[in-house]
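Report on the following structure.
The values are calculated or read from the model by the stated rules, or taken from the named source; none is laboratory data. On a predicted model such as this, the values are computed, not experimentally measured, just so you know. Cβ: placed from backbone, ideal geometry, glycine included. Neighbour counts: every protein chain shown.
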Amino acid sequence: MRVRKNIATSDEGFVFNPATGDSFSTNSIGAEIIRLMKGEKSAKELVEIFCSKYDVDKALFERDLEDFTLQLKEFNILE
Amino acid sequence: MSKKPRKLVIAVTGLNAIDSPGPGVAVIRAIRECPDFDVRIIGLSYDALEPGIYLHDIVDKTYQIPYPSVGTDSLMDRLRFIHEIEKIDVIIPNFDAELFNFIKISAKLNEMGIKTFLPEIEQFNARDKMKLFGFGQKNGFHVPEDKLIHELKELKKIDSEFDFPLVVKGKFYDAIIAHSTEEAEKAFLKIQAKWGLPIIIQEFIRGTEINIAALGDGNGNAISIIPMRKLYITDKGKAWAGVTLEDENLLELARKFIRVTRWRGGCELEVMLTNDGKPYIMEVNPRFPAWIYLTAAAGQNQPSSLVKMALGDHVEPFTAYEAGKIFIRYAWDHITDIREFQKISANGEL
């Protein structure tokens with residue numbers, strides 16, 4: 001679950017893949033997840049961080065994170 | 001203390017900055033930005049309505065030159081006349097259709113003191129779209145299969161050789177995607193009327209359109225390579241917006257092309273990147289593309305490097321550029337006066 005080295009991200013949630021020219025927008029939570037992924041956090045760590053920081057159901061967050069991760073893989077954002 | 005900029009007179013063709021633009025205006029813009037030069041730009045035009053003729057902050061003076069079909073003698077006469085007045089240092093031709101003539105007269109131009117930096121005839125011919133498939137097979141590039149068609153009736157049985165859709169292409173310009181034999185026949189007639197025979201039937205490759213602007217030194221070294229993904233494509237298939245990419249596979253593809261052809265000058269590889277990552281070379285244009293200014297904006301000014309090499313300078317290959325640099329073309333109604341139009345139309349000069 002590692003973000004590709006050359007992927008550029010902004011605090012506003014804009015993601016640019018310079019290898020393909022694709023760009024994407026995420027909401028602030030998505031941007032936070034990508035930022036933490038770039039800091040090499042595992043899925044387990046992400047669940048812990050978000051569940052302690054936000055009022056969110058753990059199972060629901062795990063499912064959403066999995067969906068989001070699949071999307072990132074599909075768009076070549078993750079290795 | 002910084003070096004004084006070199007005074008140069010540079011003649012450039014391809015001033016037709018229209019919806020399917022020639023590269024001339026972009027080439028000039030890049031050259032004008034080079035701090036090493038203090039340039040006077042001479043535009044060489046074919047048509048009185050090429051917009052670049054009227055952009056006086058881009059082009060200092062324009063002369064009309066004879067159409068390529070008239071031949072090299074008339075071209076030489078005209079260039080000799082212009083050279084007597086302007087003392088041209090370098091000529092950069094930018095049209096596919098005129099390149100053959102300019103390559104043929106390049107030695108004579110050199111004797112007159114006019115430098116060029118063009119491919120050899122053999123290099124120029126090797127990438128010809130009518131020979132592209134053989135070129136790709138010989139050198140290990142992915143290229144779509146194709147077939148030259150000389151008669152309409154040859155299309156009747158084309159479905160036994162190609163799946164639809166297929167691409168019907170002219171020998172110089174134009175490409176139409178056809179989904180049936182009827183559409184292919186219509187495209188054949190349309191392109192034949194404009195560009196003549198033969199017509200090229202090409203396998204349709206699905207993928208992402210990427211163009212690569214490259215500059216070779218003629219010894220097999222790539223001085224600059226900038227890949228660009230088209231972000232907005234016009235109905236003529238031209239990039240109206242594009243972004244620079246960072247992809248080692250694309251850089252290696254262009255490096256290999258320059259190495260095997262020992263390409264001299266600027267060129268553009270039109271690439272279709274399939275979903276499984278195979279880069280197909282769809283076409284090789286033997287000159288700078290219309291979006292060439294993006295190379296300067298991204299940190300590798302290809303036109304000014306070409307000028308330096310034409311003048312005999314040693315130019316080190318660039319090693320870095322900025323990925324994510326975007327160009328967005330725009331249309332602008334430039335206002336001029338009928339007297340200007342009259343001057344270029346009647347006198348062939350402005």
Among B:ASN139, B:ASN125, B:ASN110, which is the only one that is modelled with pLDDT of 95 or more and either in contact with an Asp or Glu (Cβ under 9 Å, 6 or more places away or on another chain) or not β-branched (Val, Ile, Thr) (or both)?
-> B:ASN110
Kindly check whether there is at least one residue in the stretch A:41-61 that is under 25 Å from B:ALA323 (Cβ atoms) and not aromatic (Phe, Trp, Tyr).
-> no
Wholly enclosed strands (runs of 3 or more DSSP E) of the stretch B:246-350 bearing at least 2 residues of a type in the set (A, V, I, L, M), more than 14 Å from chain A (Cβ to nearest Cβ) and touching a residue at least 60 places away in the same chain (Cβ under 8 Å) | B:279-285
Among the residues of the stretch B:172-191, which ones are over 29 Å from B:ALA241 (Cβ atoms) and in contact (Cβ under 8 Å) with a residue 24 or more places away in the chain?
-> B:THR181, B:ALA184, B:GLU185, B:PHE188, B:LEU189
The listed residue being modelled with pLDDT under 95, more than 14 Å from every other protein chain (Cβ to nearest Cβ) and closer than 30 Å to B:THR274 by Cβ, out of A:LYS73, A:LYS5 = A:LYS73
Only one of these conditions is not met by B:ALA239: (1) away from every other protein chain (no Cβ under 14 Å); (2) in contact with a Lys or Arg (Cβ under 8 Å, 6 or more places away or on another chain). Which number is it?
-> (1)
Neighbours by Cβ (under 7 Å, 6+ apart or cross-chain): first from the stretch B:199-227, within 19 Å of B:THR261 (Cα to Cα) and within 14 Å of chain A (Cβ to nearest Cβ); second aromatic (Phe, Trp, Tyr) and in a loop (DSSP other than H, G, I, E, B) | B:ILE226/B:TYR321
Name the one entry in B:GLY277, B:GLY265, B:GLY312 that is surrounded by fewer than 22 Cβ atoms within 10 Å (Cβ to Cβ) and modelled with pLDDT of 95 or more.
-> B:GLY312
Over the stretch B:9-48, the set of residues modelled with pLDDT under 95 and polar (S, T, N, Q) is B:ASN16, B:SER20
Residue identified as within 19 Å of B:TYR280 (Cα to Cα) and at pLDDT below 90 among B:ASP174, B:ASP163, B:ASP159, B:ASP146 = B:ASP174
Please note which strands (runs of 3 or more DSSP E) are completely contained in the stretch B:122-190 and include at least 1 residues that are over 30 Å from B:VAL260 (Cα atoms).
-> B:175-178
Between a first residue in the stretch B:127-142 that is among the hydrophobic types (A, V, I, L, M, F, W, C) and surrounded by 15 or more Cβ atoms within 10 Å (Cβ to Cβ) and a second residue that is assigned to a loop (DSSP other than H, G, I, E, B) and at pLDDT 90 or above, which pairs have beta carbons less than 7 Å apart while being 6 or more apart in sequence or on different chains?
-> B:LEU132/B:VAL143; B:PHE133/B:VAL143; B:PHE133/B:GLU145
Take the residues of the stretch A:10-22 that are facing another protein chain (nearest Cβ under 8 Å) and farther than 15 Å from A:LYS73 by Cβ: which is surrounded by the most Cβ atoms within 10 Å (Cβ to Cβ)?
-> A:GLY21
